[in-house]
1. Give a quick list of trypsin sites (Lys or Arg not before Pro) in region 67-139 that DSSP marks as loop, anything other than H, G, I, E or B, with at most 16 other Cβ atoms within 10 Å.
2. Would you mind getting me the FRET efficiency between ALA70 and THR384? Use the beta-carbon distance for r and R0 = 56 Å, nearest 0.05.
3. Hey, rough spin-label estimate for GLU162 and ALA286, points 7 angstrom out along Cα→Cβ, what's it come to in nanometres?
4. Between ARG317 and LEU154, what FRET efficiency comes out of the Förster formula 1/(1 + (r/R0)^6) with R0 = 45 Å and r the beta carbon distance, rounded to 0.05?
5. What's the exposure ranking of ILE321, ILE200, going from fewest to most Cβ atoms within 10 Å?
6. Given a Förster distance of 25 Å, report the FRET efficiency between ASP342 and GLN367 from their Cβ-Cβ distance, rounded to the nearest 0.05.
Amino acid sequence: MAHTALTPVFVGLRTGLHVLFVVLDGLVVVRALVAPSASSGVIVAVALVLAATYAAGGVAARTAPRRRDAVGLLWLTVLTLEWALLLWFSTEAAYLVFPLFFLFLHLLGARWGTVAVVVATAAAVCALGVHGGWTVGGVVGPLVGAGVALLIGLGYQALAREAAEREALMRELLDTRDQLAATEHESGVLAERARLAREIHDTVAQGLSSIQLLLHAAERADPDGAGVEHVLLAREAAATALADTRRFIRELAPPELEGRGLGGALRRLADGQWASQGLEVAVRVADAVPLPMHVQTALLRIAQGAVANVVQHAHARSARIDLVTDADGLRFTVSDDGAGFDPVAVAGEPTGISDSFGLRATRERVQQLGGTLVVDSAPGRGTTLTVLLASEDSA
């Protein structure tokens with residue numbers, strides 16, 4: 001079990017159980033030596049073997065972790081048979097049933113462990129009655145012990161389940177935090193690249209283009225002038241600088257979009273990565289879309305995130321990506337025929353953190369574009385994710 005806030009509690013309970021078993025087994029040995037009888041030698045021998053078997057259980061669990069369940073059941077069976085043999089000769093062995101209760105509940109589970117506790121309690125009561133005579137204490141004592149053991153054992157199991165759930169939730173939160181940090185970093189990098197591309201395009205590239213046009217006009221106005229050679233060289237230098245600037249702008253764009261456009265990049269993902277994952281994706285997006293590079297980049301990442309969620313959670317056979325543009329703006333849609341979900345429940349429950357992370361990341365991207373995200377889904381009828389951008393936002 002991984003270390004949690006409840007680990008000291010579990011360690012304390014297990015240590016107490018081990019100490020209790022050793023003390024009660026030692027009591028049987030001491031009783032046999034203090035009040036010797038014809039069976040004292042057998043009692044001491046069986047008690048020592050019982051202690052050795054108990055100690056061997058922890059060693060076997062550590063040396064054979066892959067077969068822990070089978071080894072544990074075999075060990076518990078041998079331990080119970082040895083206890084039954086010791087109980088046949090010694091009345092004091094009946095008290096060893098109390099630590100055995102916890103072993104039954106721990107290794108056999110709540111249902112079969114409870115059955116084993118009842119059977120062991122009956123055996124202890126009968127042994128006390130046969131060896132020392134039937135008394136109220138001999139009946140009530142094991143029954144009370146069994147009840148207390150059941151309460152403590154079931155409470156221990158509930159604590160263990162809660163600790164495991166908390167540990168899983170903590171790991172999920174940490175993974176989500178790491179994913180969110182990576183996505184924010186990626187979004188920041190992409191946003192900065194897009195900003196630099198726009199700034200270079202709107203300033204340096206436009207300036208160089210204007211310089212080239214002016215120099216070309218000067219060359220045409222006075223083709224035989226004294227400085228025409230310098231004008232020609234300046235125009236060629238401006239043309240070279242403009243070509244380099246445009247290359248820098250292209251390099252700032254995401255590699256997936258280079259030379260292919262949004263539609264081509266999505267089709268390449270559909271035919272390669274998504275098809276290999278068993279999902280058929282129909283892409284209805286033109287290769288050359290009249291959208292700024294930062295908008296194309298954001299839509300590409302939104303589609304990748306949405307399809308990733310479809311592959312991981314929706315169990316869908318097919319999906320579809322559409323892009324429609326008009327004078328009012330654009331509508332970008334990713335739909336699937338999968339299991340669907342309740343968007344309100346996923347957004348509101350803490351256990352839905354991993355499932356809703358993709359939606360939160362998509363919503364943040366859309367908000368950065370100044371658009372609107374619409375999620376239409378319900379259990380059993382698939383999911384449709386729609387991004388709406390007004391014309392001024394997609395310009």
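1. Answer in residue order: no site qualifies.
2. Details: r = 49 Å, r/R0 = 0.88.
Computed FRET efficiency for ALA70 and THR384 comes out at 0.70.
3. 6.1 nm
4. On the way: r = 44 Å, r/R0 = 0.98.
The computed FRET efficiency comes out at 0.55.
5. Numbers: ILE321 25, ILE200 16.
Result, fewest neighbours first: ILE200, ILE321.
6. Working: r = 22 Å, r/R0 = 0.89.
After rounding to 0.05, the efficiency reads 0.65.
The numbers here are math on the coordinates, done by the rules we state, and not lab data. Predicted, not measured: the structure shown is a model, and the values here were computed from it. In this analysis, Cβ positions are derived from the backbone assuming ideal geometry, glycine residues included, and neighbour counts consider all displayed protein chains.
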